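One structure, as structure tokens, below. Some questions next.
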Amino acid sequence: MAIMTRWEPFRDLARLQDEVNRLFDDRAYREGESVGWTPACDIFEDEEAVTLRFELAGVEPKDVDIRFENGVLTVKGERKLEKDDQRENYHRVERSYGTFTRAFSLPGTLDPERIKAEAKNGVLQVTLPKKPEAKPRAIQVKVS
């Protein structure tokens, strides 16, 4: 049975560009780590909040910095390459290492005082609750 998946050409193009950049950046091979990487992020919104989930396997929570300033959420961090004496025995290194920065412009309807961040199983979840006045409310119509 074949599984159908949606083809997203720009995602494939970005992945190809990253691979070509890695080929021509000899620092990545000399130092054993990439110049940087971009963790995948899912963003969704419901009536209560906007939530961002970052795929950060191998990143320690202490190595992540989250800031919300002037309507922009910035997440910075670093995945460190383990220094191992057996490194010359590796046949392939495909995981990306180094620093990353992601920034997102968000609406002014969010409450910066109640932002929460939680890391679990290699996923960082940042929840940005909406201000009470931004939440939808039902208005009852009077019948006369």
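Throughout, read-outs are computed from the coordinates displayed, never taken from laboratory work. What you see is a predicted model, and the numbers here were worked out from it, not measured in a lab. Positions of Cβ are generated from backbone atoms using ideal geometry, with glycine treated the same way; all protein chains shown enter the neighbour counts.
Starting from the Cα of Arg102, step 7 Å along the direction of its Cβ; do the same at Thr38; then give the gap between the two resulting points in nm.
In this crude label model, Arg102 to Thr38 measures out at 1.1 nm.
Also, quick follow-up: Among the lysines, select those whose C-alpha is under 16 Å from the C-alpha of Lys131, and discard any that sit fewer than 8 residues away in the same chain.
Answer for Lys131, where 16 Å is the Cα cut-off: Lys116, listed by chain and number.
What nm value, rounded to one decimal, do you get for the distance between Glu113 and Leu16 when each label is placed 7 Å out toward the C-beta?
Those two pseudo-labels are separated by 5.1 nm.
Straight-line reach only, C-alpha to C-alpha below 22 angstrom: list the lysines that Lys80 could link to, leaving out same-chain residues fewer than 8 apart.
Answer for Lys80, where 22 Å is the Cα cut-off: Lys62, Lys120, listed by chain and number.
Separation between the Ser144 and Asn121 pseudo-spin-labels, each 7 Å from Cα along Cα→Cβ, expressed in nm?
Using points 7 Å along Cα→Cβ, the separation is 5.6 nm.
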